[in-house]
Amino acid sequence: IFKTFLSTYPYHKFAWNSQYCLAEIYYARGDWDIAIVGFDKVIKTYSGNEKVPAATLKQGFAFEKIGANKEARVLLEQVVAKFPKSPEAGLAKQRLQSMK
């Protein structure tokens, strides 16, 4: 449903939410590579959106799942630096501590 919505209405005011939900589905299924690409679309296509901190965080988590710890660390550090007062920044800090 989300794919159809995005292909039919790519510029709809809720397209960002559909893209985020689609990436979350792949993440929940353990399709890490596809989730990474999906979260990247949220970050790049909808850069001013409220889901960007969560998409960046989840993309970092997905990179960690595939063993790409360097990429994961960069993304988690971005969450802390760019969105310091967000709930995602706290989660990113926790994960960075556990990665040491």
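Membrane-span-like helices of the chain, defined as complete DSSP H segments with a Cα extent of 18 Å or more along the helix axis and a mean Kyte hydropathy of at least 0.5, are identified as 32-45. Below 20 Å Cα-Cα, how many Lys pairs turn up in the chain? Only count pairs eight or more apart in sequence, or on different chains, if you could. Lysine pairs, 8 or more places apart or on different chains, close enough: 29.
Determine the order of W16, W32 by accessible area, beginning with the largest, at a probe radius of 1.4 Å. Don't skip to the answer; put the middle values down first.
Numbers: W16 40, W32 65 Å².
These residues rank, largest area first, as W32, W16.
For region 21-75, GluC sites (Glu not before Pro) meeting the loop criterion (DSSP other than H, G, I, E, B) and having at most 13 other Cβ atoms within 10 Å: E50.
Between region 54-100 and region 1-46, the alpha-carbon centres lie 19 Å apart.
For log10 I(q)/I(0) by the Debye sum over Cα atoms at q = 0.12, 0.15, 0.24 Å⁻¹, the value calculated from this model appears in [x] -0.36, -0.56, -1.22; [y] -0.46, -0.73, -1.56; [z] -0.43, -0.65, -1.33 under label [x].
Largest accessible area first, the listed residues R29, R95 line up as R29, R95 when surface is computed with a 1.4 Å probe on the assembled protein chains. Per-residue accessible area (protein heavy atoms, 1.4 Å probe) orders V79, V74 as V74, V79, starting from the largest.
The values are calculated or read from the model by the stated rules, or taken from the named source; none is laboratory data. Source: prediction; values computed, not measured. Cβ: placed from backbone, ideal geometry, glycine included. Neighbour counts: every protein chain shown. Keep in mind that these areas ignore ligands, DNA and RNA; they rest on the heavy atoms of the full protein, side chains included. Shrake-Rupley method; radii C 1.70, N 1.55, O 1.52, S 1.80 Å.
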